[in-house]
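Working notes for the structure below.
The values are calculated or read from the model by the stated rules, or taken from the named source; none is laboratory data. This is a predicted model, so every value here is computed, not measured. Note that we place each Cβ from the backbone using ideal geometry, even for glycine, and neighbour counts take in every protein chain shown.
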Amino acid sequence: MASLGTVLVGFNSTATNIALDSIQSSFVGATDADVGWGIAGYMIGTAAFLPLAGRLADRIGRKRIFQIGLALFALSAVLSALAPTVWTLNLARVLQSLGGAAILPASLSLVLPLFPESRRMTAVGLWSAAGPLAAGIAPGLSALLLGTLGWRVLYFVSAPLAVLMFVVAIRVLTELPTPPTGNRLDVSGAAAGTIGLAALVAAIMQGGQVWGWTSPVTLAAFAAGAGAFAWFVTNSLRHPEPLLNLHLLRGRGVWVTQLANFLVGVTSQAIWLIWPLVMFRFWNYSELQVGIGVTVGPIVAGASTVMFTRLGERWNAIALCRTGAAIQILAIGWQIVRLGTEADYFVEMAPTVALFGLGWGMCVPLLNSVALAWVDEKYFGEISGLFNTLRYAASAIGIAGLFALLKDESSSIVYYQHVLVFFMVFAVAAFVSLWIPIGSPERSRRSDS
């Protein structure tokens, strides 16, 4: 049941990718960047609220936060479907991100303690696989809805599903004891992190599209973001119960996996926007063709997640992560070389989509499992919150970079190749970071004690 919440979030994250052109054309004067803010805002809201939702789950109950997230998700789905302007749609998507941010950490925290320590890597893998498996369903279903009922129904369908899950959760899920705490919530940290990420995304997206990279507004946004992040880090190190427990980064296995997680995350979500745009704008594919065309990626990602998280319990998990990161480099490199304006799906698109999904499933879920192995059970929620916060923050930055490089007036495939090169830089950096030695988590725990 808890994993179904991840399915709901994963479906909505991917379904929008197919609908970008339909959404833009339905609002007069809307630009690529205007629609892009709906996706970036979703990522910003999720990244900002994830750790706070995790803290609230530990305070007032994981089941309760899970249900609050479902209620917010249902409300935001209705508001998105009824949005009269592109910016009210973007605001509704931000509200939806708050619901998703409440669902994700609460769902994993409800599931993980039910498994013995020897099986937790598998549990994390199965939980992680729910997202890509939902994403595998999303493109085809989205295409059918877009072709028949339009993009508004695409958002609305989440509302009855969220309500049904809310009702079922009352009977199925069991509330777990919450740890005692008397410290105040880190509200200032939440505000600083949100402002910092929003300012950075605005500087990248608007600086590339509207303001110009050297304009005073862009430079001020970068400065505001840097200042807010500096305060966030300082506050997190001093606060008795910080939004993100940065002290956990003292474990080498934790900070290395979180660094790789961030670098992979810049590409992992944003690249799924490039593929539909190319197929729509250059290959003149229909919604159904695009939906079917990208479906192979999340299906492969979900299957490889299940397979390799189980293998990770017996093999070297970091070695599998390195292999997955290398496969992602190969996937992006193939498309940089082969992508053209003439439609050739099985040569130019299918290998990249499938290989990227395979690499994701081998790398990202196992990174979270490796990080969890480095901490005691009482820190599972904080590690998962940190992992997902960095992943969504990186996704927001990747999406901002994508729309900064894609000019509205451009019709050349070269601009899309530039975005792929941008993604390649981060993919290579992620691969390199995974070669930093991490040692043994058991040895680290003994030295800490």
ask   = For the subset of the range 288-335 comprising residues that are touching a Pro at 6+ places or on another chain (Cβ under 6 Å) and over 28 Å from H418 (Cβ atoms), which member is modelled with the lowest pLDDT?
value = T309
ask   = Here are L246, L219, L161: which of them is in the same structural domain as A83 (by TED's automatic domain parsing) and without any contact (Cβ under 8 Å) to a residue 60 or more places away in the chain?
value = L246
inquiry  = Among the numbered criteria (1) outside any loop (DSSP other than H, G, I, E, B); (2) in contact with a helix residue (DSSP H, G or I) (Cβ under 8 Å, 6 or more places away or on another chain); (3) more than 28 Å from G45 (Cβ to Cβ); (4) modelled with pLDDT of 80 or more, which one does I436 miss?
reply    = (1)
ask   = Would it be correct to say that G225 is within 30 Å of L20 (Cα to Cα), in the same structural domain as A190 (by TED's automatic domain parsing) and in a helix (DSSP H, G or I)?
value = yes
task = Go through the range 286-312 and give me each residue that's surrounded by fewer than 22 Cβ atoms within 10 Å (Cβ to Cβ) and either touching a Lys or Arg at 6+ places or on another chain (Cβ under 8 Å) or within 21 Å of I413 (Cβ to Cβ) (or both).
result = S286, Q289
note = Selection from the range 131-170 of residues at pLDDT 80 or above and more than 30 Å from G61 (Cα to Cα) yields L149, G150, W151, R152, V153, L154
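Yes or no, residue by residue, for (1) within 20 Å of W213 (Cβ to Cβ); (2) in contact with a Lys or Arg (Cβ under 7 Å, 6 or more places away or on another chain); (3) modelled with pLDDT of 90 or more; (4) assigned to a helix (DSSP H, G or I):
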{"residue": "L372", "(1), (2), (3), (4)": "no, yes, no, yes"}
{"residue": "K378", "(1), (2), (3), (4)": "no, no, no, yes"}
{"residue": "G381", "(1), (2), (3), (4)": "no, no, no, yes"}
{"residue": "T389", "(1), (2), (3), (4)": "no, no, no, yes"}
{"residue": "D408", "(1), (2), (3), (4)": "yes, no, no, no"}
{"residue": "R443", "(1), (2), (3), (4)": "no, no, no, yes"}
remark   = In the range 216-228, residues that are in contact with a helix residue (DSSP H, G or I) (Cβ under 7 Å, 6 or more places away or on another chain) and of a type in the set (G, A, S) total 4
Residues located in the range 256-287, provided they are at pLDDT 85 or above, farther than 24 Å from M424 by Cβ and not small (G, A, S) = N284, Y285
query = Would you pick out the residues in the range 218-260 that are out of contact with any Cys (no Cβ under 9 Å at 6 or more places or on another chain) and β-branched (V, I, T)?
reply = T218, V233, T234, V254, V256
request  = Using the structure shown, decide if L4 is of a type in the set (A, V, I, L, M), more than 20 Å from V290 (Cβ to Cβ), part of a helix (DSSP H, G or I) and within 13 Å of the chain's Cα centre (by Cα).
outcome  = no
query = What do you reckon, is V233 surrounded by fewer than 16 Cβ atoms within 10 Å (Cβ to Cβ) and among the β-branched types (V, I, T)?
reply = no
request  = Look through L197, L273 and report the one residue that is under 24 Å from the mean Cα position of the chain (by Cα), crowded, with 24+ Cβ neighbours inside 10 Å and under 19 Å from A404 (Cβ atoms).
outcome  = L197
query = Applying the selection to the range 328-350, what residues are part of a helix (DSSP H, G or I), out of contact with any Lys or Arg (no Cβ under 8 Å at 6 or more places or on another chain) and surrounded by fewer than 21 Cβ atoms within 10 Å (Cβ to Cβ)?
reply = I329, L330, G333, W334, I336, V337, R338, Y345, F346, A350
